[in-house]
Amino acid sequence: MRLFIATPSPFSRKVRIFLRETKITCEELTTNPWSNNTDIAKYNPLAKIPILLTDDGKTVFDSSLIIEYLHKLHPEQSLIPKNFHAYLTVKRLEKVADGICDAAVLIVLEKHWFLLQN
């Protein structure tokens, strides 16, 4: 498996932490999603990272979906609880954290855009 990441991305970091904590091996490829030379749109129509390329050539994108995929692929190594109520608690917390990260990314992008304009 190969994982396309951008090191400043909190969503890439989330998947990378999951991989390390579960000891799942995956090659990490650093890319710049805003570069004109990137080809990530051929792997993800939203042109966002992280993107996981599976061993059979399929793509999985969005950090939550990548973690779900890895959880199903390696259930013995998962950090996601099997108990439904515990699972729901974890997923709710994940969605709140993702919302906070979305807001942080937007703030950074807006500041970057503002600086480019002035």
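The values are calculated or read from the model by the stated rules, or taken from the named source; none is laboratory data. Just so we're clear, the structure is a prediction, and the values are computed from it rather than from any experiment. All Cβ positions, glycine included, derive from the backbone under ideal geometry; neighbour counts span all protein chains shown. For the accessible areas, the whole protein counts, side chains as well, though only heavy atoms, and no ligand, DNA or RNA atoms are used. Shrake-Rupley method; radii C 1.70, N 1.55, O 1.52, S 1.80 Å.
Tabulated results
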quantity: Options Ile40, Ile66, Ile80, Ile107: the member that is within 13 Å of Phe4 (Cβ to Cβ), modelled with pLDDT under 95 and β-branched (Val, Ile, Thr); calculated: Ile40
quantity: Residue satisfying all of: in the range 89-101; of a type outside the set (A, V, I, L, M, F, W, C) and open to solvent by less than 80 Å² (accessible area, probe 1.4 Å); farthest from Phe18 (Cα to Cα) among these; calculated: Gly99
quantity: Set Glu28, Glu94, Glu68: member being acidic (Asp, Glu) and out of contact with any helix residue (DSSP H, G or I) (no Cβ under 9 Å at 6 or more places or on another chain); calculated: Glu68
quantity: Check on Ser64, among the polar types (S, T, N, Q), in contact with a Pro (Cβ under 7 Å, 6 or more places away or on another chain), surrounded by 13 or more Cβ atoms within 10 Å (Cβ to Cβ) and not in a loop (DSSP other than H, G, I, E, B); calculated: no
quantity: Test: residue in the range 75-88 that is part of a helix (DSSP H, G or I) and surrounded by 15 or more Cβ atoms within 10 Å (Cβ to Cβ); calculated: no
quantity: Pick from the range 1-44, criterion under 10 Å from the mean Cα position of the chain (by Cα) and within 20 Å of Val108 (Cα to Cα), ranking: surrounded by the most Cβ atoms within 10 Å (Cβ to Cβ); calculated: Ser12
quantity: Hits in the range 1-21 - residues which are modelled with pLDDT under 95 and either of a type in the set (Val, Ile, Thr) or touching a Ser or Thr at 6+ places or on another chain (Cβ under 8 Å) (or both); calculated: Ala6, Thr7
quantity: From the options Lys48, Lys72, residue that is charged (D, E, K, R) and surrounded by 15 or more Cβ atoms within 10 Å (Cβ to Cβ); calculated: Lys48
quantity: Residues within the range 1-38 that are in a loop (DSSP other than H, G, I, E, B) and basic (Lys, Arg), tallied; calculated: 1
